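The values are calculated or read from the model by the stated rules, or taken from the named source; none is laboratory data. None of the values given here were measured: they were computed from a predicted structure. Neighbour counts are summed over all protein chains in view; Cβ atoms, including those assigned to glycine, are modelled from backbone coordinates with ideal geometry.
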Amino acid sequence: MKTLKALTSDQVDEYTQEVFAAIKQKVGMVPNLYAAMGNSPALLNGFLAFSESLSGGAFNAKESEAIALAVSEVNGCEYCLSAHSALGKMAGFSEKELIDIRKGVIEDEKLNALISLATEITENKGKASQVAIDKFLSVGYSHQEFAELIGLVSLRIFTNYMFSNGDFEIDFPKAASLEELEIA
């Protein structure tokens, strides 16, 4: 049973109200995922701090969105697939590239190595093969980026799990499943 509800500002403490207001000012709304995290002020604050820290890391916006899509596809998270498809478009991906990332193969060799490693880490509960790591490093990524990739995969797994246990609507344009895209 899904139990984590998206809370409104009048349902949270003063601190979380301020956090919600800052999120709304920054992105124009409080996404339902964040509103559900508001059930725990410590959780919401920790998530935002970790997310903000990694957003200033080694990966650019396109790479970060590719990681998010790869992880969310493995975990079947409709919320995160929808959110990161929208954000991926804003970062510059075409619709075809977004679908290719979700399928696990994109023409760009460097991005392909990135999503392959992110997918493998997710599918294998954190364990990556040496082949996937070597490929990642051989296309120009560093050990710093490998460490940050693990962090970004963990962050997305966390948001995927929040939605899996949440009782809230997807508040982004809904991304079609790969099966629906194959039929169309």
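Observations, loosely collected:
- Residues of segment 159-184 satisfying the condition of being among the hydrophobic types (A, V, I, L, M, F, W, C) and either under 17 Å from A86 (Cβ atoms) or touching a helix residue (DSSP H, G or I) at 6+ places or on another chain (Cβ under 7 Å) (or both): M162, F163, F168, I170, F172, A175, A176, L178, L181
- Selection from segment 76-101 of residues that are under 12 Å from the mean Cα position of the chain (by Cα) and surrounded by 21 or more Cβ atoms within 10 Å (Cβ to Cβ): C77, Y79, C80, L81, A83, H84, S85, G88
- Checklist (1) under 12 Å from the mean Cα position of the chain (by Cα); (2) under 25 Å from V19 (Cα atoms); (3) in contact (Cβ under 8 Å) with a residue 60 or more places away in the chain applied to E65, failing item: (3)
- The residues of segment 45-74 that are assigned to a helix (DSSP H, G or I), of a type outside the set (A, V, I, L, M, F, W, C) and out of contact with any Lys or Arg (no Cβ under 8 Å at 6 or more places or on another chain), listed by number, are N45, G46, S51, E52, S53, S55, K62, E63, S64, E65.
- Screening S40, S9 for residues that are closer than 22 Å to I170 by Cα and out of contact with any helix residue (DSSP H, G or I) (no Cβ under 8 Å at 6 or more places or on another chain) leaves exactly one candidate, S40.
- Residues (assigned to a helix (DSSP H, G or I) and surrounded by fewer than 11 Cβ atoms within 10 Å (Cβ to Cβ)) located in segment 102-130: Q130
- Meets criteria (of a type in the set (D, E, K, R), surrounded by 14 or more Cβ atoms within 10 Å (Cβ to Cβ) and more than 15 Å from H84 (Cα to Cα)) for E145: yes
- Residues of segment 12-26 that are over 24 Å from K174 (Cβ atoms) and either buried (at least 18 other Cβ atoms within 10 Å of the Cβ) or touching a Cys at 6+ places or on another chain (Cβ under 8 Å) (or both): V12, T16, V19.
So that you can scan it fast, the table gives a plain yes or no per residue for (1) exposed (fewer than 14 other Cβ atoms within 10 Å of the Cβ); (2) more than 18 Å from C80 (Cβ to Cβ); (3) touching a strand residue (DSSP E or B) at 6+ places or on another chain (Cβ under 6 Å); (4) not assigned by TED's automatic domain parsing to the domain that holds D171:
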| site | (1), (2), (3), (4) |
| --- | --- |
| G28 | yes, yes, no, yes |
| P41 | no, yes, no, yes |
| L44 | no, no, no, yes |
| E65 | no, no, no, no |
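- Matching residues, segment 149-173, being surrounded by 14 or more Cβ atoms within 10 Å (Cβ to Cβ) and either in a loop (DSSP other than H, G, I, E, B) or of a type in the set (A, V, I, L, M) (or both): L149, I150, L152, V153, L155, I157, M162, F168, I170, D171, F172
- Answer from A36, A86 - the residue that is in contact with a strand residue (DSSP E or B) (Cβ under 7 Å, 6 or more places away or on another chain), assigned to a helix (DSSP H, G or I) and among the hydrophobic types (A, V, I, L, M, F, W, C): A36
- Of all residues in segment 27-55, those that are at pLDDT 95 or above, closer than 24 Å to I101 by Cβ and of a type outside the set (S, T, Y) total 7.
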